[in-house]
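Novice: Dropping a structure here in structure tokens format, bear with me for questions.
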Amino acid sequence: MAGSITSTRPPAVEGRRDGPLIVTEDMELLDDLLRLCAAAGAEPDVHHSVPERRGSWEGAPLVLVGDDAAARCRGAARRRGVLLVGRDQDDPDVWRRAVEIGADCVLRLPDAESWLVDRIADVVEGVGRQALTVGVIGGRGGAGASTLACALAVTAGRTGQRTMLVDGDPLGGGIDVLLGGEQAEGRRWPDFAASKGRVAGGALEESLPELHALRVLSWDRSDSVVIPPEAMRSVLAAARRRGGVVVVDLPRRVDEGVAEALAQLDLGLLVVPGELRAVAAANRVASAVGMVLQDLRVVVRGPFAAGLDEQWVADALGLPLAGELPAEAGLLAVQDSGAPPGGTRGPLARFCAAFWDRALTSGGVS
């Protein structure tokens, strides 16, 4: 029996900690624990008793001891992060066994499954600073929000920041197209549509297409055009836990899914062309977005109508001015050639570089 459930741990994925140590001979319990580890993106090390390999018990980030194995774990070195796991809700001796092995707590499945997945994911991914998360929204159709979102992500990735670009607009045609990656292998939004619980950040990152030194979560070309709010909440939370930078391209309408995204932003950028009708349209967008997002700033894009400038637009909207994007000749031609928005030259590139210089060097968005 011992040989049949002892596994060799695969090489750790770069940037991730080792998975938990599981100690049990209960095959049904083991199946449950392996399923929960998979949900948390963890690769566990499985044994029927305390491992003989030196340091395996002491060095594991988390130890899950099955009820059946508690007696075999007596005498193991006392440490934090030992959990006694079983199914019997009415076992009167469970707390005695927990004390004998120095367990932090006792868990009963299936009731504790959600909590345990979160705990496993926390120790595998580590607890670090969450990603700086910036949303980009067009004040009107054709304002250039998707272009700016791509350029911000490309610029952050080029500086070495761990970067994820999330397409929050199912009707936008797929932001991967702007990056020339519509044929790139990897998962798209429909693959995550049923996500309700915790999504493992490492597994999410590794499953997405990698384009221009960043990971991209976009739409495919199917008819699926809905992001359930639970999926948006779970996926964005996973992306943020990985640290670095997350850029979210958002539509102008605020439905339940978009509201979930807005709630996780550190900062929103409202892109508004410098003309009166755009300002009028942007005012309605800002009103809806502002009901959820506290920090919304305006990026004014040239050219300007007579009598308007960037500060006039910001004042008319009652929003802080994040900056001006001058008209950039040849931008569409550059994108048509396959180059991503926000190359190393031009007003768009300079705006993005200056934005991240302020946001990242100051440790926040000031």
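The values are calculated or read from the model by the stated rules, or taken from the named source; none is laboratory data. Everything quoted here is computed from the prediction, not taken from an experiment. Here the Cβ is made from the backbone with ideal geometry for all residues, glycine too, and neighbour counts use every protein chain on show. Protein only, heavy atoms only, side chains kept; ligands, DNA and RNA dropped before computing areas. Shrake-Rupley method; radii C 1.70, N 1.55, O 1.52, S 1.80 Å.
Novice: For the stretch 190-203, which positions are in contact (Cβ under 8 Å) with a residue 40 or more places away in the chain, buried (at least 16 other Cβ atoms within 10 Å of the Cβ) and either outside any loop (DSSP other than H, G, I, E, B) or of a type outside the set (A, V, I, L, M, F, W, C) (or both)? Don't jump to the end; show me each part of the working.
Specialist: Start the filter on the stretch 190-203 by keeping residues that are in contact (Cβ under 8 Å) with a residue 40 or more places away in the chain, which leaves 192, 195, 197-198, 200-203.
Next cut, buried (at least 16 other Cβ atoms within 10 Å of the Cβ) only: 192, 195, 198, 200-203.
Phe192, Ser195, Arg198, Gly201, Gly202, Ala203, listed by residue number.
Novice: Can you tell me which residue among Val123, Val50 is touching a residue at least 12 places away in the same chain (Cβ under 8 Å) and open to solvent by less than 30 Å² (accessible area, probe 1.4 Å)?
Specialist: Val123
Novice: So is Gly274 farther than 30 Å from Gly201 by Cα and either surrounded by 19 or more Cβ atoms within 10 Å (Cβ to Cβ) or at pLDDT 95 or above (or both) or not? Break it down into steps so the answer makes sense when it comes.
Specialist: On the way: farther than 30 Å from Gly201 by Cα: yes; either surrounded by 19 or more Cβ atoms within 10 Å (Cβ to Cβ) or at pLDDT 95 or above (or both): yes.
When the stated conditions are applied, Gly274 passes them.
Novice: I need every pair where a residue in the stretch 60-87 that is without any contact (Cβ under 8 Å) to a residue 24 or more places away in the chain and closer than 20 Å to Glu113 by Cα has its Cβ under 9 Å from the Cβ of a residue that is β-branched (Val, Ile, Thr) and outside any loop (DSSP other than H, G, I, E, B), sequence separation at least 6 or different chains.
Specialist: That search, which allows pairs on different chains as well, returns Val82/Val63; Val82/Val65; Val82/Ile101; Leu84/Val65; Leu84/Val94; Leu84/Ile101; Leu84/Val106.
Novice: Arg162 versus (1) closer than 14 Å to Trp356 by Cβ; (2) surrounded by fewer than 23 Cβ atoms within 10 Å (Cβ to Cβ); (3) touching a Phe, Trp or Tyr at 6+ places or on another chain (Cβ under 6 Å): which is the lone unmet condition?
Specialist: Result: Arg162 passes all but (3).
Novice: Same structure, new question: Suppose we filter the stretch 125-163 for residues that are in contact with a Gly (Cβ under 6 Å, 6 or more places away or on another chain) and within 30 Å of Arg35 (Cα to Cα); how many remain?
Specialist: 6
Novice: Still on this structure: Run down Arg80, Arg16, Arg54, Arg35 and say which single residue is at pLDDT below 90 and under 29 Å from the mean Cα position of the chain (by Cα).
Specialist: The conditions single out Arg16.
Novice: Only one of these is surrounded by fewer than 22 Cβ atoms within 10 Å (Cβ to Cβ) and under 22 Å from Leu321 (Cα atoms): Ala237, Ala288, Ala231. Name it.
Specialist: Details: Ala237 fails: under 22 Å from Leu321 (Cα atoms); Ala231 fails: under 22 Å from Leu321 (Cα atoms).
Unique residue meeting the criteria: Ala288.
Novice: Let me ask something else about it. Could you tell me which of the residues Asp111, Asp90, Asp67, Asp122 is within 18 Å of Thr24 (Cα to Cα) and either more than 27 Å from the chain's Cα centre (by Cα) or modelled with pLDDT under 95 (or both)?
Specialist: On the way: Asp111 fails: within 18 Å of Thr24 (Cα to Cα); Asp90 fails: within 18 Å of Thr24 (Cα to Cα); Asp122 fails: within 18 Å of Thr24 (Cα to Cα).
That would be Asp67, the only listed residue that is within 18 Å of Thr24 (Cα to Cα) and either more than 27 Å from the chain's Cα centre (by Cα) or modelled with pLDDT under 95 (or both).
Novice: Kindly indicate whether any position in the stretch 332-349 is at pLDDT 80 or above, in a helix (DSSP H, G or I), closer than 23 Å to Ala261 by Cβ and open to solvent by less than 60 Å² (accessible area, probe 1.4 Å).
Specialist: Checked against the condition, which is being at pLDDT 80 or above, in a helix (DSSP H, G or I), closer than 23 Å to Ala261 by Cβ and open to solvent by less than 60 Å² (accessible area, probe 1.4 Å), the stretch 332-349 yields no hits at all.
Novice: Something else now. Which residue pairs have Cβ atoms under 7 Å apart, sit 6 or more places apart or on different chains, and have a first residue in the stretch 229-243 that is within 14 Å of Leu262 (Cβ to Cβ) and a second that is of a type in the set (A, V, I, L, M, F, W, C)?
Specialist: Note: pairs meeting the criteria are Met232/Ala261; Leu236/Val166; Leu236/Ala261; Arg240/Ala131; Arg240/Val246.
Novice: Of everything in the stretch 206-221 that's out of contact with any strand residue (DSSP E or B) (no Cβ under 7 Å at 6 or more places or on another chain) and in a strand (DSSP E or B), which residue is least open to solvent (accessible area, probe 1.4 Å)?
Specialist: Step by step, filter the stretch 206-221, then rank; the result is Leu211.
Novice: When you check Leu321 against the structure, is it modelled with pLDDT of 95 or more, out of contact with any Leu (no Cβ under 8 Å at 6 or more places or on another chain) and closer than 12 Å to Val272 by Cβ, yes or no? Let's see the steps before the verdict.
Specialist: On the way: modelled with pLDDT of 95 or more: yes; out of contact with any Leu (no Cβ under 8 Å at 6 or more places or on another chain): yes; closer than 12 Å to Val272 by Cβ: yes.
Taking the combined requirement at face value, the residue satisfies it.
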